[in-house]
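Chemist: First the structure, then my questions, so here it is.
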Amino acid sequence: MIAIPARTFSPAHRVNQSLTSSVEKRILEYLAHRAPRWLTSDQLTLLGLAAQIAAGALYALARFNKFTLLLVIACIILNWLGDSLDGTLARVRSQQRPRFGFYVDHIVDCFGAIALMSGLALSGFLHWPVAIAMLVAFLLLSAESYLATYTLSCFQLSTGIFGPTEIRLLLIAGNLALLRSPYSNLFGHRFLLFDVGGIIASACMFGTAIVLTLRHTAQLYREEPLP
């Protein structure tokens, strides 16, 4: 493996057009400027991963006590804090490590997603085929995003108006709905609420991955024509 000198690396342009992006940016900068000096970006990254793994474990335990879902919500909030604040803190303190940060942040997201979907599959609130479909769709969409970042030098943090924060908010709302009832009535039939949401989410992610693949393939074909 050939190491690439850091001086030749140019970070990709970051684009975030999600609903909460402007408010979230102000909140994160406020927190970063007031964070204690002993707190580091690496610690925040580990916090985000630990919180997501804990959320998966708590989902599995919610099979026996649904009020464990309240602890899942707390873990989702901690995951947002760690996953979102680590990069902002590094930028505020001028301690950016763009290659290390990009790699670690997103490989952590992949492992965290596996833990979360595994917990949901064991929770009884979601059938395991739906959990697998959501995980595969997420990993496929993530792979497309990372490949586009490398080839187009543009990292899309959101898809349309939805980004990671919006997904967390939907998950929190779903957990609160589960406390009332794990079922949803649709077209005169009763389904698990998270099955309905999971199928919709999987279809949207698969569809988005296909559309982006076609769009970026066409763009790269135009930018690199045959001689």
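Chemist: Give the average over all directions of the projected area of the C-alpha convex hull of the range 99-214, one decimal, in nm².
Modeler: Its Cα hull, projected and averaged over all orientations, spans 8.1 nm².
Chemist: Calculate, in nm to one decimal, what Arg63 and Thr213 gain on full extension: separation in residues at 0.36 nm each, minus their alpha carbon distance.
Modeler: Stretched out fully, the Arg63 to Thr213 stretch lengthens by 50.2 nm.
Chemist: Same structure again: Rolling a 1.4 Å sphere over the protein heavy atoms, what is the accessible area per residue of the chain, to the nearest Å²?
Modeler: 62
Chemist: Another question, then. HN-Hα J couplings of the range 141-147 from phi, Karplus 6.51/-1.76/1.60, θ = phi - 60°, integer Hz, Gly and Pro as x?
Modeler: Coupling constants for the range 141-147: 5, 5, 4, 4, 5, 5, 5 Hz.
Chemist: Ok, one more. If amide H atoms are built 1.01 Å from N in the plane of the peptide, which residues on other chains or at least 5 residues away come under 5 Å of the amide H of Gly163?
Modeler: Leu19
Chemist: If you fit an axis through the alpha-carbon atoms of helix 193-223 and take the longest principal axis of the Cα set of the chain, what angle between them do you get, 0 to 90°, nearest 10?
Modeler: The angle comes out near 20 degrees.
Chemist: Show me the ranking of peptides 53-64, 213-224 by mean Cβ neighbours inside 10 Å, starting with the highest.
Modeler: 53-64, 213-224
Chemist: Gain in length, Leu46 to Leu31, computed as 0.36 nm per residue apart minus the alpha-carbon separation, to one decimal in nm?
Modeler: Full-extension gain reported as 3.6 nm.
Chemist: Oh, and also: About its Cα centre, how strong a charge dipole does the chain have in debye, to the nearest 20, once Lys and Arg get +1 and Asp and Glu get -1 at the Cβ?
Modeler: That gives a dipole near 420 debye.
Chemist: Which order do peptides 188-197, 116-125, 135-144 fall in by mean Cβ count within 10 Å, highest first?
Modeler: With the highest mean Cβ count within 10 Å placed first, the list reads 116-125, 135-144, 188-197.
Chemist: What's the angle, to the nearest 10 degrees (0 to 90), between helix 21-33's Cα axis and the longest principal axis of the chain?
Modeler: 70
Chemist: A further question on this structure: How long is the gain from Trp38 to Leu176 if the chain were fully straight, where each residue apart is worth 0.36 nm and the alpha carbon distance is subtracted?
Modeler: 46.2 nm
Chemist: Could I ask something else about it? Considering amide H positions built from the backbone, and no H for Pro or chain starts, which residues 5 or more places from Phe155, or on another chain, come under 5 Å of its amide H?
Modeler: His13, Arg14, Val15
Chemist: What percentage of the solvent-accessible surface of the chain, computed with a 1.4 Å probe over protein heavy atoms, is contributed by carbon and sulfur atoms?
Modeler: Roughly 69 percent of what the probe reaches on the chain is carbon or sulfur.
Chemist: Give me a comma-separated list of calculated 3J(HN,Hα) values for the range 123-133, in order, Karplus coefficients 6.51, -1.76, 1.60 applied at θ = phi - 60°, integers in Hz, x for any Gly or Pro.
Modeler: Here the 3J(HN,Hα) series is 6, x, 8, 8, 6, 4, x, 5, 4, 5, 4 Hz.
Chemist: Something else about it: What does the C-alpha gyration tensor say about the overall shape of the chain? Classify as rounded when a/c is under 1.5, otherwise prolate if a/b is larger than b/c, or oblate.
Modeler: Verdict is oblate for the chain.
Chemist: Modelling each spin label as a point 7 Å along the Cα-to-Cβ direction, I'd like the Gln17/Ala203 distance in nm, to one decimal.
Modeler: Placing both labels 7 Å along Cα→Cβ, they lie 2.4 nm apart.
Chemist: Related question: To the nearest 0.05, what FRET efficiency results for Ile107 and Ser184 with a Förster distance of 45 Å applied to their C-beta separation?
Modeler: Efficiency for this residue pair is about 0.85.
Chemist: Shifting gears a bit: What ³J(HN,Hα) values, in whole Hz, does the Karplus curve 6.51 cos²θ - 1.76 cosθ + 1.60 give for the range 111-119 when θ = phi - 60°, with x put for Gly and Pro?
Modeler: Per residue, the Karplus-derived 3J(HN,Hα) values read 5, x, 5, 4, 5, 5, 5, 5, x Hz.
Chemist: A further question follows. Among residues other than Thr208 whose Cβ falls under 11 Å from its Cβ, what is the net charge (Lys/Arg +1, Asp/Glu -1)?
Modeler: 0
Chemist: Once all Cα-Cα distances of the range 9-88 are split into 10 Å bins that start at 0, what whole-number percent is in each one?
Modeler: Whole-percent P(r) values from 0 Å outward: 17, 36, 32, 12, 2.
The values are calculated or read from the model by the stated rules, or taken from the named source; none is laboratory data. The structure displayed is predicted, hence computed values, not measured ones. So basically every Cβ, Gly included, is an ideal-geometry build from the backbone, and we count neighbours across all protein chains shown. Side chains are part of the model used for accessible areas, which takes the heavy atoms of the whole protein and leaves out ligands, DNA and RNA. Shrake-Rupley method; radii C 1.70, N 1.55, O 1.52, S 1.80 Å.
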